[in-house]
Amino acid sequence: MLRLGVNIDHVATLRQARGGREPDPIQAAVLAELGGADSLTIHLREDRRHISDRDLRILRETAGVPLNLELALDTSIIALAIKYKPDQLTFVPERREELTTEGGLDVVGQLDRVREAVARCRDAGLSHISMFIDPNPAQVEASAAVGAVAIELHTGKFAEARGADAVADELKAIQLAGKATIAAGLHLHAGHGLNYQNVGAIATIAHMEELNIGHSIISRAVLVGLDRAVREMKALIRESIREPYL
Ligand code: PXP
């Protein structure tokens, strides 16, 4: 079965815009689960720009589906992962100035550092470890060599490609890296930039097991939920005029 992991970081981004309590990603997680999410994905960034330590702690207690934590090769974030023990870890690159995760993790270029991080997690009993990498067979092999059990192929370039040839080229790269992943005996995941238009091409790749999707789902939720939210506010205003407070 192909699983859908719903990334709820954007709900936390909206909360952080006002620095208050709403919208609460914990409530979003409950609704995502009710909608059929097979897992929940959060990225605890070093700068805590959206998901917070509190979110990780509460989701660890309340999530009814597996929790996938995206994290950088950062010793203090790894320590939190070891403390809260999410069901799956996905190592991602992280740069403070980026808007979102822009490229895959360069496992080839920092083999020892990644191996050390994986070993630290495995020693602490966290064995379901995935690497978010560009669709490149060398990165797949390096990920297998450092002890990852899964690969999440970065679909951002595919999602951004314009024109049939460019889209076909990016899709081909993902298919080839997918084959290398299976040949290396690893689980195959994909994510980034997937939306209601392009998901089909990735969902039908052989042996694909998990798709992690955030932006397009939260964007659609804003639109399909807006009509109801406005109606509810109008109704409340109408009611309060009929029954004034004072
Ligand atoms: N997978 C990984 C590793 C990511 O970093 C992200 C973005 O946080 C996603 C999936 C989801 O990407 P999007 O929000 O574009 O669906």
* **Single condition Gly104 does not satisfy, out of (1) surrounded by 13 or more Cβ atoms within 10 Å (Cβ to Cβ); (2) in a helix (DSSP H, G or I)** => (2)
* Asked: Yes or no: Val149 open to solvent by 30 Å² or more (accessible area, probe 1.4 Å) and touching a residue at least 24 places away in the same chain (Cβ under 8 Å)?
  -> yes
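Residue-wise test of (1) touching a His at 6+ places or on another chain (Cβ under 8 Å); (2) within 10 Å of the ligand (Cβ to nearest atom).
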position: Arg48; (1), (2): no, no
position: Asp53; (1), (2): no, no
position: Ile82; (1), (2): no, no
position: Asp87; (1), (2): yes, no
position: Gly104; (1), (2): yes, yes
* Asked: Taking helices (runs of 4 or more DSSP H) that do not extend beyond segment 149-246, which have at least 3 residues that are more than 15 Å from the ligand (Cβ to nearest atom)?
  -> 164-183, 215-242
* To do: Give the residues of segment 78-101 that are in contact with a Lys or Arg (Cβ under 8 Å, 6 or more places away or on another chain), open to solvent by less than 70 Å² (accessible area, probe 1.4 Å) and not acidic (Asp, Glu), sorted by residue number.
  => Ile78, Ile82, Tyr84, Pro86
* To do: Take segment 202-225 and flag every residue that is open to solvent by 90 Å² or more (accessible area, probe 1.4 Å) and of a type outside the set (S, T, N, Q).
  => His207, His215, Arg220, Leu223, Val224
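Rundown of residues vs (1) open to solvent by 40 Å² or more (accessible area, probe 1.4 Å); (2) closer than 22 Å to Ile133 by Cα, yes/no style:
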residue: Thr13; (1), (2): yes, no
residue: Glu22; (1), (2): yes, no
residue: Val30; (1), (2): yes, no
residue: Gly35; (1), (2): yes, no
residue: Leu56; (1), (2): no, no
residue: Thr62; (1), (2): yes, no
residue: Leu67; (1), (2): no, yes
* Looking at this structure, is Thr75 surrounded by fewer than 16 Cβ atoms within 10 Å (Cβ to Cβ) and without any contact (Cβ under 8 Å) to a residue 24 or more places away in the chain? -> yes
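Each row is one residue, and each column tells you yes or no for (1) farther than 30 Å from Asp112 by Cβ; (2) without any contact (Cβ under 8 Å) to a residue 60 or more places away in the chain; (3) surrounded by fewer than 18 Cβ atoms within 10 Å (Cβ to Cβ); (4) in contact with a helix residue (DSSP H, G or I) (Cβ under 7 Å, 6 or more places away or on another chain).
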position	(1), (2), (3), (4)
His128	no, yes, yes, no
Pro137	no, yes, yes, yes
Ala144	no, yes, no, no
Ala159	yes, yes, no, no
Leu176	no, yes, yes, yes
Leu194	yes, yes, no, yes
Gly200	yes, yes, yes, no
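The values are calculated or read from the model by the stated rules, or taken from the named source; none is laboratory data. What you see is a predicted model, and the numbers here were worked out from it, not measured in a lab. Quick reminder, even Gly has a Cβ in these numbers, built from the backbone with ideal geometry, and neighbours come from all protein chains shown. Keep in mind that these areas ignore ligands, DNA and RNA; they rest on the heavy atoms of the full protein, side chains included. Shrake-Rupley method; radii C 1.70, N 1.55, O 1.52, S 1.80 Å.
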